[in-house]
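Pasting a structure below so you can have a look.
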Amino acid sequence: MTEWDACRCRKGHATARGFARCKVRGLAWITGRGDWALVAWCGNPTITLWPTETEAADRGSVLAAARCGRACRGAHQIIHINLNREAYA
Ligand SMILES: [Zn+2]
Ligand SMILES: [Zn+2]
């Protein structure tokens, strides 16, 4: 399992969404809510956020959320965004 707990900007982020936007260059879009990110690195990266790892890892979630279409290379990754650790680093 991959965990992101520090952003290069070192400013700290109030939300996982803000963190991910800052962390991923060239992000096409981000949607959802929660600390578990399903990142699709197919073409321009896209991120769907989920409240639990189980939901992020669910195959149905992957297919519905990534929406990679023809550009899909199957390069999908589940990442836990640990804002607490960033805040106290
Ligand atoms: Zn940042
Ligand atoms: Zn894909």
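Please treat every number below as a calculation from the coordinates, not as lab data. None of these values were measured; they are calculated from a predicted model. Backbone-built Cβ (ideal geometry, glycine too); neighbour counts: all protein chains shown.
If Rh is defined by the Kirkwood formula over all Cα pairs and Rg also comes from Cα, what ratio Rg/Rh do you get for the chain?
Values: Rg = 12.5 Å, Rh = 13.0 Å.
Taking Rh as the inverse mean 1/r over Cα pairs, Rg/Rh reads 0.96.
Give me the net charge of Glu55's neighbourhood, meaning all other residues with Cβ under 13 Å from the Cβ of Glu55; Lys, Arg count +1, Asp, Glu -1.
With Lys, Arg at +1 and Asp, Glu at -1, the net is -1.
Please give me, ordered by residue number, the trypsin sites (Lys or Arg not before Pro) of the stretch 1-69 that lie in loop per DSSP and have at most 12 other Cβ atoms within 10 Å.
When the trypsin sites (Lys or Arg not before Pro) of the stretch 1-69 are filtered for loop state and at most 12 Cβ neighbours within 10 Å, Arg8, Arg10, Lys11, Arg25, Arg33 remain.
Looking at the chain only, what percent of DSSP beta bridges run antiparallel? Nearest 5 please. If you can, show how the numbers build up before the last one.
Values: 10 of 17 bridges.
Percentage antiparallel, nearest 5: 60.
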